[in-house]
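Note sheet for the following structure.
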Amino acid sequence: MKKIAILGSTGSIGTQTLDIVREQKDIEVVAFAAGSNITLLEQQVREFSPKLVCVFKEEAAEALKIKIADTDTKVVSGMEGLIDVAVHPESEILVTAIVGMMGIRPTVAAIQAGKKIALANKETLVTAGHIIIPLAKEYHVPILPVDSEHSAIFQSLQGNVGNRIEKILLTASGGPFRGKSTADLAGMKVEDALKHPNWLMGRKITIDSSTLVNKGLEVMEAKWLFGVELDQIEVVVHPQSVIHSAVQYEDGAVIAQLGTPDMRLPIQYALYYPERRKMSGKRLDLFELGSLTFERPDTKTFKGLALAYDAMRKGGSQPTVFNAANERAVAMFLEKKIGFWNIPEIIEASMEHVDFRENPSLEKILSTEQEVYEYIESRWKT
């Protein structure tokens, strides 16, 4: 019986991980954590009987304690609670699926405790890749990508140890606004941005897809995961979301991973790597598809991707500024406090005004995040 812990059990990746647990029947979830959705958490506790559950918000944790008082599950809260879940002594694998930079500390703790990391939290490597990757090597801990694109790259690398990567082809659907002009985007509302053409994802990542910021974050993540330079990562808009990404080797051969847009596949691959397990669901039918198309990304209209490359080239604390500014801007957009076009504007202004740090420690990364929030609050009153 494989034993796992999940950070973010009530989110999109978390619930799909639990779908795999139900189907495979040889995984035990010993601990999980979520933000404040105690209604769903109670259902999950009663179904999976974890030994430990963390609700980040203390008031929600107290409410959950009352609801599940008849069970043997212990309830904790806050950052300490997240870390307790991450390092649970019985778990072998930590699925990190919480959104935002709060995933960094638990991931560090899990690596130091020798847990395999099934990584779905982009911010961990975007802001702290220079800390996480050397730490994982020091503790001989594998980081198994859960993002569909990074999983596709990882799968395309299998059997090619020692062969030089010439280029990573990182695919993007283009999001709901592909082909739109700057003028078109000015009037886009939250409801429009949440209509992703292919993928069923959480609200924040769906907005990130619409701005192409998500692809920028994935470029940063790929650089750290696969040890390549920025100019070796090429973003390719592929509207059908069938080729999830590809690797071009120095002999010109391109190896890609194809499949239907189903996040369960990369999650399951990370949980059972290197084994492949049978999985239910629709299979890819190339005859039904008929054709696959590709485009260059429009970085003039969708500045988020270009800004991500700028942040990564500068390095230091700049990726943290990029990420934190986007997190706050997306939250403001979802609350309908700003317009869609304000998102890249806020990111760019933050990158210009927040102090730069050359090689930030974890503490400096977190303090930079707060500086970004304070800057945005001072300029865009909410």
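Every read-out reported here was derived from the displayed coordinates using simple, explicitly stated rules and does not represent laboratory data. Note that the structure is predicted; figures quoted are calculated from it, not measured. When we count neighbours, we look across all protein chains shown, and the Cβ atoms used for this are built from the backbone with ideal geometry, even at glycine.
A few points about this structure:
- Residue-span extension gain [residue 194 to residue 59] - 0.36 nm each, minus C-alpha spacing: 45.6 nm
- Environment charge at residue 92 (Cβ cut-off 12 Å; Lys +1, Arg +1, Asp -1, Glu -1): +2
- Around residue 295: net Lys/Arg minus Asp/Glu count, Cβ-Cβ under 15 Å: +3
- Each of 283, 357 was scored by other Cβ atoms within 10 Å of its Cβ. Arranged with the fewest first, they read 283, 357.
- Sorting 251-263, 204-216 by their mean Cβ neighbour count within 10 Å, with the most densely packed peptide first, gives 204-216, 251-263.
- The chain - mean residue ellipticity at 222 nm from DSSP helices (-39,500 (n - 2.57) per run, n ≥ 4, rounded to 500): -14500 deg cm²/dmol
- Footprinting exposure proxy for 88, 130 (fewest neighbouring C-beta atoms within 10 Å first): 130, 88
- Rounded FRET efficiency, nearest 0.05, which uses the C-beta distance separating residue 66 from residue 229 and R0 of 51 Å: 0.45
- Bridging of residue 167 to lysines at a Cα separation below 19 Å is possible for 215, 223, once same-chain residues fewer than 8 apart are set aside.
- Note on residue 115: lysines with a C-alpha under 18 Å away, same-chain residues under 8 apart excluded, are 2, 3, 51, 137.
- Distance between the 7 Å Cα→Cβ label points at residue 186 and residue 19: 4.0 nm.
- Loop-located chymotrypsin sites (Phe, Trp or Tyr not before Pro) in segment 327-377 (DSSP state other than H, G, I, E, B) with a sparse environment of at most 14 neighbouring Cβ atoms within 10 Å: 356.
- Full extension of the segment from residue 26 to residue 167, taken as 0.36 nm per residue of separation minus the current Cα-Cα distance, would add 47.0 nm.
- At R0 = 45 Å, FRET efficiency that the Cβ-Cβ distance of residue 277 and residue 367 yields, to 0.05: 0.55
- Relative contact order, whole percent, for the chain stands at 14, derived from Cα pairs under 8 Å and 6 or more residues apart.
- Shown for 364, 303: other C-beta atoms within 10 Å of each C-beta, ranked fewest to most, produce the order 364, 303.
- Nearby aspartates and glutamates by direct alpha-carbon distance to residue 189 (threshold 19 angstrom, same-chain neighbours under 8 apart not counted): 208, 327, 335, 345
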